[in-house]
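The block underneath contains the structure these notes are about, expressed in structure tokens.
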Amino acid sequence: MQGAKTTTAAEGAAEPTPERMGGSKPAERKIMSGAEIVWATLERLGVETVFGYPGGAILPTYDALTRSKVHHVLVRHEQGATHMADGYARASGRVGVAIATSGPGATNMVTGIATAMMDSSPIVCITGQVGSAVIGTDAFQEVDITGITLPITKHNYLVTRADEVAASLREAFEIAASDRPGPVLVDITKDAQQGKCEFDWEAAAPRMTRREPVFFPSQGELDAALKLINEAERPVILAGHGIILSGAEQQVRTLAERAGIPVALTLLGLGCFPASHPLSLGMMGMHGEAWVNAAIQNADLLIALGMRFDDRVTGKLSTYALKAKKIHVEIDRAEINKNVRVDAPLIGDLREILERLLPGVKANPRAEWRSVISGSKQDSAVRDIQNLPDSGHLYAAHAIHDLWRETEGKAVVVTDVGQHQMWEAQYYHHERSRTLITSGGLGSMGFALPAGIGAKVAQPESEVWVVVGDGGFQMTMAELATIVQEKLNVKIAIINNGYLGMVRQWQEFFYEGRYESTPLLSPDFVKLAEAYGIPAVAVTQRSQTLPAIRMARSQPGAALIDFRVEQEDSVYPMVPAGADLDAMIRRPTPLVERPSDE
Ligand SMILES: Cc1cc2nc3c(=O)[nH]c(=O)nc-3n(C[C@H](O)[C@H](O)[C@H](O)COP(=O)(O)OP(=O)(O)OC[C@H]3O[C@@H](n4cnc5c(N)ncnc54)[C@H](O)[C@@H]3O)c2cc1C
Ligand SMILES: Cc1ncc(C[n+]2csc(CCOP(=O)(O)OP(=O)(O)O)c2C)c(N)n1
Ligand SMILES: [Mg+2]
């Protein structure tokens, strides 16, 4: 980079530093190793905690950590480090940082990087790389991690000189957090860590800076969208993750309230609009409530805000919301007309665009449309498991609903992937942004426990609950040790149904009940937790649910509950993959309970 001089490690040792020459040390012109520059840069960027695991190619950087204020959380697997950084980013809105060695350390990060990419989560992953002189020789623990992660990062860097470290890291942070956020990887060779150069913060300013919005809708485009909004009789807002990323919660609320527009949410949007708000419909899509999907199919206008029409959201595209005109407010122009053709695309930052739109939005209670939707709610609600008589059996929905009641909906809940994830979305009602953290796009089992750790580090004052299946928990349960070592107060609710439940459900519905490879043996989770010194209890009856949750909440540190729930329950309603959005499989009523269920 301009303004900085590189030397090799050997030259660096003999460098005539100002101190050796008897002079005073200028504040901003310090000779440092690339490894020291890693930490100095992170400190300047405001990073307080990183999640990582050491190894040979990153050892110089770990050695320099001894002289840094940054706190390092030692994980048990590098996948955990990436999910922790991701959970941290989603809980805080700041960039999360993960660090690992070359080769297997770097490849263990791949799932976490792809998870962050799919859900637009800003993380920076720093990996050690073999010395630049041996790159391409199949050196010990050499892997082309920039090549491997090219399609699953927003950008990545191979840094081969100490004087590139600061600029690469600064730019990585800028790119991760700007526009549509995402993961950036910075791979630093061992000689770049060991080499010395001047640490010149100013000269390392990012070349790609946080951009002024390149795209902003013209007045004509804004007027066209306003006309659609003001003339619509049956509009629905589709509220997505982009609302949280853009911080547009208040603007969305103003739009909905002024124009009387019901709000349907994506899984990743949950929390951005209060669940208790009279205009909130709840989650749309494959496991959304039937009335939400019916409202979308009958709408005459969809106002899609920061959501990308995922296939879990639309069902069959050729029959999706055919009666509706569509407005799509989206920062990434590649998302426009990707899955659903829209009538009025507005490309740019959601909050800015809504601020421009709102003055032109006419007040309208839309009472008739809202009462049509309320009517269909009644019909669906009677099928709800919460309305079934309490026969003492423990359903996952009961456990999650009780958790919601007991925590008054105020906890940060981090879920894994599967049935329990959908039940959480249905039965834990989120009032605020960043209180549901889940892997949506990639659907990565093993996400919850480490992401919960990251969330707790980001929000130490919040009550954090990990809601995880017996399958997903076993993928990353080694991170229990991280919780204990870091003395983190993370509560864990295992929804233990003895199956890879969501796959079992698909086998039941679509493969004639052939449960191939889905019954799942687990260890005694209570004993396992106790082996780590974590208080734990098993729950088999509904009546034990509240006492168990209270026990867990009363612990000063981590606690675990093993909810041994009904084994063959299914998530209803469900749109079979590729079916029409309103062709939902509904919970059979009444639910038939067999004597053997006890
Ligand atoms: C088992 C399983 C079942 C699922 N079932 C459902 C389901 O029933 N219903 C459901 O909704 N989801 C479901 N999902 C999740 C689904 O796969 C998607 O992850 C989810 O729908 C994506 O939500 P989103 O589009 O709001 O968020 P993202 O995928 O994160 O997209 C956010 C969009 O916002 C844009 N954006 C970002 N920042 C800004 C900004 N500043 N201004 C404007 N735009 C911005 C981005 O470019 C992006 O297009 C399921 C997932 C799993 C694993
Ligand atoms: C890493 C990974 N492997 C496989 C899958 C496919 N898959 C989706 S849900 C699921 C079952 C999850 O089982 P469990 O964790 O017990 O949760 P449950 O569905 O029973 O609540 C599987 C195997 C996945 N999403 N992620
Ligand atoms: Mg399970």
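In percent, how large is the relative contact order of the chain, given Cα pairs closer than 8 Å and 6 or more residues apart?
For the chain, the relative contact order is 14 percent.
Let's test the formula: R0 of 35 Å, r as the Cβ-Cβ distance of residue 462 and residue 530. What FRET efficiency results, to the nearest 0.05?
The value I calculate is 0.85.
Set the bar at 21 Å for Cα to Cα. Now go through 338/362; 487/527; 227/362; 190/487; 30/69 and name every pair that lies beyond it.
Listed pairs above 21 Å: 338/362; 190/487.
Under a no-solvent Debye model with one identical scatterer per Cα of the chain, what's log10 I(q)/I(0) at q = 0.06, 0.12 Å⁻¹?
Log10 I(q)/I(0), no solvent term: -0.34, -1.19.
What's the extension gain from residue 405 to residue 227 if we count 0.36 nm per residue and subtract their Cα-Cα distance?
Net length gain for the segment: 59.9 nm.
Taking θ as phi - 60°, what are the ³J(HN,Hα) couplings along the range 177-193 by the Karplus curve (6.51, -1.76, 1.60), each to the nearest whole Hz, with x for Gly and Pro?
8, 8, 6, 7, x, x, x, 10, 10, 10, 9, 10, 5, 4, 5, 5, 6
Would you grab the residues whose amide H sits under 5 Å from the one on residue 492? Only those 5+ places off in sequence or on another chain, please, with H modelled 1.01 Å from N.
Residues meeting the criterion, in which the H sits 1.01 Å from N, are 466, 559, 560, 561.
When the Kirkwood radius is taken over all Cα pairs of the range 192-275, what Stokes-Einstein diffusion coefficient follows at 25 °C and 0.890 mPa s, in µm²/s?
148 µm²/s
Residue 541 to residue 516: extension gain in nm, 0.36 nm per residue of separation minus the Cα-Cα distance?
6.2 nm
Residue-wise, which Karplus ³J(HN,Hα) couplings in Hz belong to the range 115-127, taking 6.51 cos²θ - 1.76 cosθ + 1.60, θ = phi - 60°, and x for glycine or proline?
4, 5, 5, 5, 9, 6, 9, x, 10, 10, 10, 10, 10
Tabulate in residue order the Karplus-calculated ³J(HN,Hα) for the range 199-206, using 6.51 cos²θ - 1.76 cosθ + 1.60 with θ = phi - 60°, rounded to whole Hz; enter x for Gly and Pro.
3J(HN,Hα) across the range 199-206, in whole Hz: 8, 10, 4, 5, 5, 8, 4, x.
In whole Å, how far is the Cα centre of the range 112-151 from that of the range 397-432?
The two parts, judged by their Cα centres, are 35 Å apart.
Give me Rg/Rg_expected for the range 470-550, where Rg uses Cα atoms only and Rg_expected = 2.2 N^0.38 Å with N residues.
Against the empirical 2.2 N^0.38 Å value, I get 1.30 for the range 470-550.
Of the GluC sites (Glu not before Pro) in the range 433-531, which ones lie in a loop per DSSP and count no more than 12 other C-beta atoms within 10 Å?
461, 512, 516
Hey, any idea what % of the chain's accessible area is carbon plus sulfur with a 1.4 Å probe?
The nonpolar share, carbon plus sulfur, comes to 53 percent.
What length, rounded to one decimal in nm, is gained on full extension from residue 343 through to residue 362, with 0.36 nm per residue of separation minus their alpha-carbon distance?
Gain on stretching residue 343 to residue 362: 4.8 nm.
Please state the charge dipole magnitude for the chain, taken about the Cα centre, from unit charges on C-beta atoms (+1 on K and R, -1 on D and E), reported in debye and rounded to the nearest 20.
980 debye
Using modelled backbone amide H atoms (1.01 Å from N, in-plane), which distant-in-sequence or interchain residues come within less than 5 Å of residue 72's amide H?
Residues meeting the criterion, in which the H sits 1.01 Å from N, are 50.
Rounded to the nearest 0.05, what FRET efficiency do residue 355 and residue 553 have when you use their Cβ-Cβ distance and R0 = 30 Å?
0.15
What residues have an amide H closer than 5 Å to that of residue 179, excluding those fewer than 5 places away on the same chain, when H is modeled at 1.01 Å from N in the peptide plane?
Here the answer is 211, since their amide H atoms fall under 5 Å of that of residue 179.
Determine the calculated [θ] at 222 nm for the chain from helices alone, applying -39500 (n - 2.57) to every DSSP H run no shorter than 4 residues and normalising by the residue count; nearest 500 deg cm²/dmol.
Rounded to the nearest 500, the figure is -10000 deg cm²/dmol.
How high is the relative contact order of the range 145-208? Use alpha-carbon pairs under 8 Å, at least six apart in sequence, and give a whole percent.
42 percent
The values are calculated or read from the model by the stated rules, or taken from the named source; none is laboratory data. Keep in mind that this is a model prediction, so the values were computed, not measured. Because the Cβ atoms are built from the backbone with ideal geometry, glycine has one as well, and the counts that use them run over all protein chains shown. For accessibility, only protein heavy atoms count, side chains too; no ligands or nucleic acids. Shrake-Rupley method; radii C 1.70, N 1.55, O 1.52, S 1.80 Å.
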